[in-house]
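Heads up: the structure comes next, in structure tokens.
The values are calculated or read from the model by the stated rules, or taken from the named source; none is laboratory data. Everything numeric in this text was worked out from a predicted model, so none of it was measured. Note that we place each Cβ from the backbone using ideal geometry, even for glycine, and neighbour counts take in every protein chain shown. We work out accessible area using only protein heavy atoms, side chains counted, and drop any ligands, DNA or RNA first. Shrake-Rupley method; radii C 1.70, N 1.55, O 1.52, S 1.80 Å.
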Amino acid sequence: MKLIKVAAGTLNQTPLDWTNNRNNIISCIEDAYNQDISILCLPELCISGYGCEDAFYHPDVLEQSIESLLEIVRHTSGIIVSVGLPIKINHKLYNAVCLIANKKILGFVCKQHLPNYGVFYEDRWFHRWQNGKRDQIEIGEMSYPVGDLVFDVDGVRIGFEICEDAWVANRPGRILFERGVDIILNPSASPFTFSKFETRERLVIDGSRAFACSYIYTNLLGNEAGRLIFDGDAMIASDGNLLVSSPRFGYADYYLTAAVVDVEAPRINHSQIKSNHSASDWKVNVLFDFPEIKPVKVQKAQLESFERGGYLKEEEFARAVSLGLFDYLRKSRSQGFTISLSGGADSCACVALMGLMIRLADESIGLKAFKQKLGYISKIQSYETLEEITAQLIQTIYQGTENSSTDTFESAESLAKSIGASFYHINIDGLVDSYKGLIEQQIGRKLSWQTDDLPLQNIQARVRAPSVWLLANLHNHLLIATSNRSEVAVGYCTMDGDTAGSINPISGVEKFWLRNWLVWLETIGCEVHGKHIKIEGLHRVNHLQPTAELRPLEQKQTDEKDLMPYEILNSIENLAIYQKKAPLECLFFLEANYQERFDQKTLAVWVERFFRLWSRNQWKRERYAPGFHLDSYNLDPRGWCRFPILSGGFEKELSDMQEYLEKGIKKQSKNKIGF
């Protein structure tokens with residue numbers, strides 16, 4: 001019986017932050033060594049950071065990566081460690097992992113399959129390594145093997161699948177199985193999307209079973225580079241059984257997830273499965289003294305309590321965005337957040353997420369560590385309570401006009417008070433009137449709601465931007481933008497008004513779902529250690545009808561009157577943008593699902609409205625503040641969905657839909673006459 005203690009290490013890294021990244025790696029290695037761990041797998045590109053983008057082309061990035069690697073090697077006495085970094089072979093860049101044992105570099109394995117879809121762009125920077133190819137890399141005066149390798153470490157064979165390698169049909173694990181690999185390491189940089197951890201878990205469990213091995217999977221943690229959030233998902237499986245999985249969405253610099261694996265047990269299954277014999281020129285032989293490990297109680301991974309509670313998407317959204325905001329705050333070295341709090345669902349959701357950020361961070365790492373991570377914010381270092389910190393880090397301002405209601409003011413005020421945020425309120429009617437008066441003098445007429453509806457709506461939203469920017473700048477705060485994905489799709493916003501901001505926490509979720517999430521957060525909340533973190537100050541907003549409040553109150557403006565029911569908007573967006581359906585196809589799907597509630601003509605009007613607004617407002621999507629990638633797709637031109645700023649606007653496709661409708665009307669008329 002050969003027992004080995006292994007671990008997956010999740011790291012919160014930052015692109016090009018050489019000192020911080022190196023320190024996190026070394027601290028994780030030293031912690032693993034102190035826990036008698038023999039094999040430690042660290043994430044993909046953890047030395048340089050995954051999100052370096054075109055900086056990968058800079059020669060200095062490669063030099064700094066190698067320099068960090070050599071420093072890390074010095075801290076690997078008595079342990080086997082894999083670390084990810086970019087390397088160059090024959091003037092070509094590769095996404096590689098280095099295996100180190102006992103202060104010696106054993107070799108490098110390069111990624112064979114590069115994702116180049118959605119948020120991924122790896123083909124832009126890296127080349128794909130060919131299966132079965134080997135080469136050499138020179139570092140200083142030393143030469144090391146590189147390529148498609150297996151490391152035979154004192155009789156224990158170790159191979160690699162690097163992130164995407166495990167997600168393809170012809171995954172390298174099939175060849176590794178033929179080579180008799182005992183342990184597969186998977187260093188990944190797999191961004192969070194809703195429920196994705198369940199898919200990863202299946203890949204790991206199935207890989208360990210199909211390839212008769214122990215499988216160690218690790219991932220990055222936190223908001224690494226701005227848009228992508230990593231949940232720190234890590235796990236260890238053996239021979240089809242999940243032994244352990246990591247906590248997700250933690251606020252520490254790193255986490256270790258360890259298990260004892262029996263190398264001999266999967267070999268028995270391996271010997272019974274028939275496969276092709278593989279040549280032996282892929283093997284690197286290494287000496288290493290594995291310590292004697294006694295058997296441990298049979299392990300079985302458990303889901304975290306919030307993953308079992310029946311509100312997985314609500315919990316994941318709260319935790320992912322809160323962690324994303326925290327890392328965005330500290331990595332940008334900003335002093336806090338400022339937001340124009342209208343009292344509506346979108347701005348209230350953003351404020352609630354900021355409040356959750358502080359509460360969840362405290363639950364994760366404690367108040368002392370929280371303040372240490374924000375050590376550059378001197379004002380909070382003497383504070384003893386979360387309430388004092390919240391008032392300093394979160395400031396809100398309600399900017400009312402004659403078109404604002406008491407309901408929205410009370411909604412904004414009650415939420416700010418309930419989480420302890422600073423709350424200011426001003427009236428901007430004078431500013432609006434000043435701008436109106438200046439323009440009226442120049443054009444020689446009065447502006448009115450009958451002739452100038454949109455300009456009069458937009459000036460109110462735009463006037464709010466300078467005030468809230470001033471407040472944010474006074475405190476070196478990040479200004480939060482508040483457009484949800486439904487509004488991003490159709491451009492239902494005022495550029496340089498409600499779109500102003502540094503980061504948009506909710507641009508990845510649709511309005512219909514977001515409103516339900518707010519009700520959940522008020523009534524149920526995040527589950528932490530058997531208790532629930534609720535925000536009861538959301539009660540007022542949860543009883544309001546969404547409205548921009550930019551027209552006179554007697555007009556009873558609502559978002560859905562201006563657009564369409566958000567439920568329908570979300571369905572059309574999914575059909576048109578994610579599933580790539582033409583307008584007529586969208587209409588068919590809507591009829592199948594909503595014909596009992598809406599007639600064909602009404603649905604067709606909404607389909608046409610969506611496609612026209614979508615085409616007309618791509619320029620707005622190009623200018624929105626960065627948002628977080630949360631779903632299997634998003635509307636960010638930098639992150640998933642590219643669309644021309646100027647286009648034909650689906651005129652032909654919409655004409656086809658109208659022609660279909662007209663034929664249907666004529667056919668019905670003929671039937672009635674014939675009857």
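Filter region 380-396 for residues that are in contact (Cβ under 8 Å) with a residue 40 or more places away in the chain and open to solvent by 10 Å² or more (accessible area, probe 1.4 Å) and give the result. Give the derivation first.
Taking region 380-396 first, the residues in contact (Cβ under 8 Å) with a residue 40 or more places away in the chain are 392-396.
Result: 392, single match.
What about residue 271, is it among the polar types (S, T, N, Q) and assigned to a helix (DSSP H, G or I)?
yes
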Being under 17 Å from residue 420 (Cα atoms) and open to solvent by 10 Å² or more (accessible area, probe 1.4 Å) narrows it down to one of 340, 322, 347, so name that one. 340
Are any residues in region 593-614 under 29 Å from the mean Cα position of the chain (by Cα) and either open to solvent by less than 10 Å² (accessible area, probe 1.4 Å) or closer than 29 Å to residue 328 by Cβ (or both), and if so, which ones? 610, 611, 614
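Out of 179, 248, 202, I need the residue that is out of contact with any Cys (no Cβ under 7 Å at 6 or more places or on another chain), among the basic types (Lys, Arg) and either open to solvent by 20 Å² or more (accessible area, probe 1.4 Å) or closer than 16 Å to residue 6 by Cα (or both). Which one?
202
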Quick test of your reading of the structure: residue 376 fulfils all but one of (1) free of Cβ contacts under 8 Å to residues at least 40 places away in the same chain; (2) out of contact with any Gly (no Cβ under 6 Å at 6 or more places or on another chain); (3) hydroxyl-bearing (Ser, Thr, Tyr). Name the failing condition by number. (1)
Could you tell me which of the residues 428, 459 is aliphatic (A, V, I, L, M), free of Cβ contacts under 8 Å to residues at least 60 places away in the same chain, open to solvent by less than 20 Å² (accessible area, probe 1.4 Å) and in contact with a Lys or Arg (Cβ under 8 Å, 6 or more places away or on another chain)? 428
Of those in region 462-498 that are more than 29 Å from the chain's Cα centre (by Cα) and aliphatic (A, V, I, L, M), the residue least open to solvent (accessible area, probe 1.4 Å) is 463
Which listed residue, of 151, 211, 126, is of a type outside the set (A, V, I, L, M), more than 23 Å from residue 56 (Cβ to Cβ) and in contact with a helix residue (DSSP H, G or I) (Cβ under 8 Å, 6 or more places away or on another chain): 211
Of the conditions (1) open to solvent by 20 Å² or more (accessible area, probe 1.4 Å); (2) touching a helix residue (DSSP H, G or I) at 6+ places or on another chain (Cβ under 7 Å); (3) of a type outside the set (A, V, I, L, M, F, W, C), residue 53 satisfies every one except a single condition; which number is it? (2)
Quick check on region 433-446. Is at least one of its residues in a loop (DSSP other than H, G, I, E, B) and either within 13 Å of residue 340 (Cα to Cα) or of a type in the set (S, T, N, Q) (or both)? no
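Scanning region 4-23 for residues that are among the polar types (S, T, N, Q) and open to solvent by 10 Å² or more (accessible area, probe 1.4 Å), which turns out nearest to residue 222 (Cα to Cα)?
The first filter runs over region 4-23 and keeps only residues among the polar types (S, T, N, Q), leaving 10, 12-14, 19-21, 23.
Then keep just the ones that are open to solvent by 10 Å² or more (accessible area, probe 1.4 Å); that gives 14, 19-20, 23.
Numbers: 14: 9, 19: 18, 20: 14, 23: 16 Å.
Top of the filtered list is 14.
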Go through region 499-517 and report how many residues are open to solvent by 10 Å² or more (accessible area, probe 1.4 Å), farther than 22 Å from residue 400 by Cα and among the small types (Gly, Ala, Ser). 2
If you check residue 143 against the conditions, is it polar (S, T, N, Q), at pLDDT 95 or above and crowded, with 22+ Cβ neighbours inside 10 Å? no
Report yes if residue 58 is open to solvent by 40 Å² or more (accessible area, probe 1.4 Å) and within 28 Å of residue 132 (Cα to Cα), otherwise no. no
Which one of these is among the aliphatic types (A, V, I, L, M), within 20 Å of residue 391 (Cα to Cα) and free of Cβ contacts under 8 Å to residues at least 12 places away in the same chain: 438, 470? 470
Of the residues in region 105-133, those that are more than 30 Å from the chain's Cα centre (by Cα) and surrounded by 15 or more Cβ atoms within 10 Å (Cβ to Cβ) come to 105, 106, 107
I need every pair where a residue in region 541-567 that is hydroxyl-bearing (Ser, Thr, Tyr) has its Cβ under 7 Å from the Cβ of a residue that is in a helix (DSSP H, G or I) and at pLDDT below 85, sequence separation at least 6 or different chains. 547/559; 566/560
